[in-house]
Amino acid sequence: MRCVAHRIVPLLMLAAMCSPLAGIEVTLKGEEKPFNAEPVRLERHDLTYRKGRKEETRLIDDFKAESAYALKAALTPREARALLELARFALHRGLLDQTREQLDAAMRLDNTLAQRAGEIAELCEQIEAQRLLERAKSALDDLDAETAEKLLNRLGESFPKTPAAIEGEILRGTLSQVRLAKLARRLEEQARRAQANADAEAAKKRAAVDTWLTQLEGEVKEQEAELTRAVAEAAQGKITTGLPAIENVTRAIKRIRESLGQNEGLLRHDDQIETASRIDAAAIKVAVKAYWRWGFHLAEIRRFAMARTVIRQGIELDPEDRRLLELLVDIDDTPAASEDD
């Protein structure tokens with residue numbers, strides 16, 4: 001039995017040595033998925049750790065701050081100076097709770113380090129105070145005076161001797177201004193909503209006129225396309241169909257312009273008046289071209305009297321149109337035209 005016992009004990013010791021130690025769950029910067037790492041040693045900034053059965057080495061600051069701290073803490077002996085250094089390590093990475101925890105642990109082991117621990121604790125307070133100040137500033141930027149005031153109160157009560165607390169007292173004087181600015185913004189928003197509602201109501205009232213103007217503008221474009229087709233037909237010698245089509249264009253344009261004139265009183269907005277003027281100008285342009293082409297083809301078939309009438313109708317619309325004026329002169333200079341009179 002003693003022989004068996006002597007054999008079992010070394011086997012148990014060997015199994016314990018071969019069993020992997022419980023790893024620390026850590027996360028690398030830029031990654032989200034954590035993994036288990038067993039820290040082996042830290043030489044300056046190079047951390048060697050086991051990941052499964054594989055040993056790897058990385059810069060300790062390749063890990064997120066909490067993970068870097070946990071790895072260093074696992075390798076730090078429970079000695080006062082080492083714990084003080086661990087506190088400084090945590091402070092440099094913004095881990096203030098961990099910093100205070102290690103300062104307390106170091107002081108319990110060796111109170112002769114009080115001065116050095118106090119310097120680190122003071123830095124810790126200044127950082128935390130600055131964080132509170134930045135949060136208060138952010139609240140002020142958002143016009144949240146209530147949150148800002150709470151943060152400034154906490155700053156003054158918890159860290160009264162820090163530079164951040166002094167700056168916080170200066171900021172406290174802006175709280176009333178921020179409250180007024182917030183009120184002004186709320187009133188501006190109410191005014192914008194009221195204006196939006198008024199605009200929507202105005203848009204509803206003017207919708208019928210806008211629709212009418214859009215339809216008229218579309219009709220002018222349709223007549224312009226019809227004129228192009230009719231002119232092409234007349235140019236091909238199809239006078240009996242081409243000329244009536246051109247005449248129909250002039251009649252349609254006349255109706256459009258009469259509609260604009262008769263309903264001018266409906267145009268109550270500047271943009272509607274501008275739109276109506278634009279439609280009328282486009283209509284005149286189509287009509288003048290129609291009268292010119294109509295008169296030109298009438299002259300070609302030697303119907304000079306009617307050609308003169310048509311051309312003069314176009315000149316009434318645009319007295320300075322050179323095409324109409326020149327065509328009228330050409331007709332008057334034609335001997336056969338006088339006979340037609």
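Each value in this text was obtained by applying a stated rule to the coordinates, not by laboratory testing. Quantities reported herein were computed from a predicted structural model and do not represent experimental measurements. Glycine also receives a Cβ, built like all others from the backbone with ideal geometry; neighbour counts cover every protein chain displayed.
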Looking only at aspartates and glutamates whose Cα falls under 19 Å of LYS182's and that sit 8 or more positions away or on another chain, we get ASP141, ASP142, ASP144, GLU146, GLU149
Here are a few candidate values for mean projected area of the Cα convex hull in nm²: [x] 19.4; [y] 42.1; [z] 21.2. Which one was actually calculated from the structure I just gave you? [y]
Rounded, prolate or oblate: which fits the range 128-232 when a ≥ b ≥ c are the square roots of the eigenvalues of the alpha-carbon gyration tensor, with rounded for a/c under 1.5 and prolate only if a/b beats b/c? prolate
Go through the range 84-92 residue by residue and turn each phi into a ³J(HN,Hα) via Karplus (6.51, -1.76, 1.60, θ = phi - 60°); whole Hz please, and just put x for glycine and proline. 5, 5, 5, 4, 5, 4, 5, 4, 5
Dipole moment magnitude, nearest 20 debye, the range 144-227 about Cα centre, only Lys, Arg, Asp, Glu C-beta charged: 820
Under Stokes-Einstein, the range 76-173 at 10 °C and 1.306 mPa s, with its Kirkwood radius over C-alpha pairs, diffuses with a coefficient in µm²/s of 111
Given springs between every Cα pair under 10 Å in a Gaussian network model of the chain, which of GLN195, GLN98, GLN313 has the largest fluctuation? GLN313
Where labels lie 7 Å past Cα in the beta-carbon direction, separation of LEU187 and LEU28 in nm: 5.8
Percentage relative contact order, the range 76-173, counting C-alpha pairs under 8 Å, at least six apart: 20
Lys/Arg +1, Asp/Glu -1 at C-beta; the range 76-173 dipole; positive extreme among ALA136, PRO77, PHE159: PRO77
If amide H atoms are modeled at 1.01 Å from N in the peptide plane, then the residues at a separation of 5 or more from ASP144, or on another chain, having amide H under 5 Å from its own are none
Relative contact order of the chain, defined on C-alpha pairs under 8 angstrom at six or more residues apart (%): 7
The range 150-203 to the range 246-315: how many Å between their Cα centroids? 62
Determine the dipole magnitude for the chain: charges of +1 sit on the beta-carbon of Lys and Arg, -1 on that of Asp and Glu, nothing else is charged, the reference point is the Cα centre, and the result goes in debye to the nearest 20. 2100
